[in-house]
Amino acid sequence: MTYTPICAVDDILPNTGVAARIGGRHVAVFRVGSDDFHAIDNIDPRSGASVLSRGLVGNLGERVVVASPLYKNHFDLSTGECLEAPEQSVQAHAVQVQDGRVLVALR
């Protein structure tokens, strides 16, 4: 896998996300708590808008999710699964932190 640097760790506030483009693909990168990072596709499959990075981060049971700001569907940040409509799931991507920088590899 090829990791692409996205931003500094401190550029993402805890429990929020940022949007990035990697090779023309829209990716949402989330910081959960102080040191847990996740990346999923940023395109909301229901609307086609690049907005998932702006969603609310939280938990549904044991799952860490983001709620789409448009239709409120919940996406599991570890797997990309849409909990309300699995057929609308998105791709999850690998994330690493190195030397204070967040890096993402597309899957």
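Pick from segment 62-107 the residues that are under 11 Å from the mean Cα position of the chain (by Cα), part of a loop (DSSP other than H, G, I, E, B) and among the aliphatic types (A, V, I, L, M): which of them is farthest from residue 45 (Cα to Cα)?
77
Would you mind telling me which numbered condition in (1) surrounded by fewer than 19 Cβ atoms within 10 Å (Cβ to Cβ); (2) part of a loop (DSSP other than H, G, I, E, B) residue 5 fails?
Residue 5 satisfies every listed condition except (2).
Name every residue in segment 8-24 that is at pLDDT 95 or above, surrounded by fewer than 14 Cβ atoms within 10 Å (Cβ to Cβ) and in contact with a strand residue (DSSP E or B) (Cβ under 9 Å, 6 or more places away or on another chain), in order of residue number.
Hits for segment 8-24 are 8, 11, 13, 14, 21.
Consider residue 53 against the criteria (1) part of a helix (DSSP H, G or I); (2) out of contact with any strand residue (DSSP E or B) (no Cβ under 8 Å at 6 or more places or on another chain); (3) among the small types (Gly, Ala, Ser): it satisfies all of them except one. Which criterion is unmet?
(2)
Scan (1) among the polar types (S, T, N, Q); (2) more than 11 Å from the chain's Cα centre (by Cα); (3) modelled with pLDDT of 95 or more for the single condition residue 53 breaks and write down its number.
Of (1) among the polar types (S, T, N, Q); (2) more than 11 Å from the chain's Cα centre (by Cα); (3) modelled with pLDDT of 95 or more, only one is false for residue 53: (2).
Starting from segment 23-48, keep only residues that are more than 19 Å from residue 71 (Cα to Cα), then list their pairs with residues that are in a loop (DSSP other than H, G, I, E, B) and of a type in the set (Lys, Arg) whose Cβ atoms are within a distance under 6 Å, requiring at least 6 positions of separation or different chains.
Close Cβ pairs (under 6 Å, with a partner that is in a loop (DSSP other than H, G, I, E, B) and of a type in the set (Lys, Arg)) do not exist here.
The values are calculated or read from the model by the stated rules, or taken from the named source; none is laboratory data. None of these values were measured; they are calculated from a predicted model. Ideal geometry is used to build each Cβ from the backbone, glycine not excepted, and the neighbour counts take in all protein chains shown.
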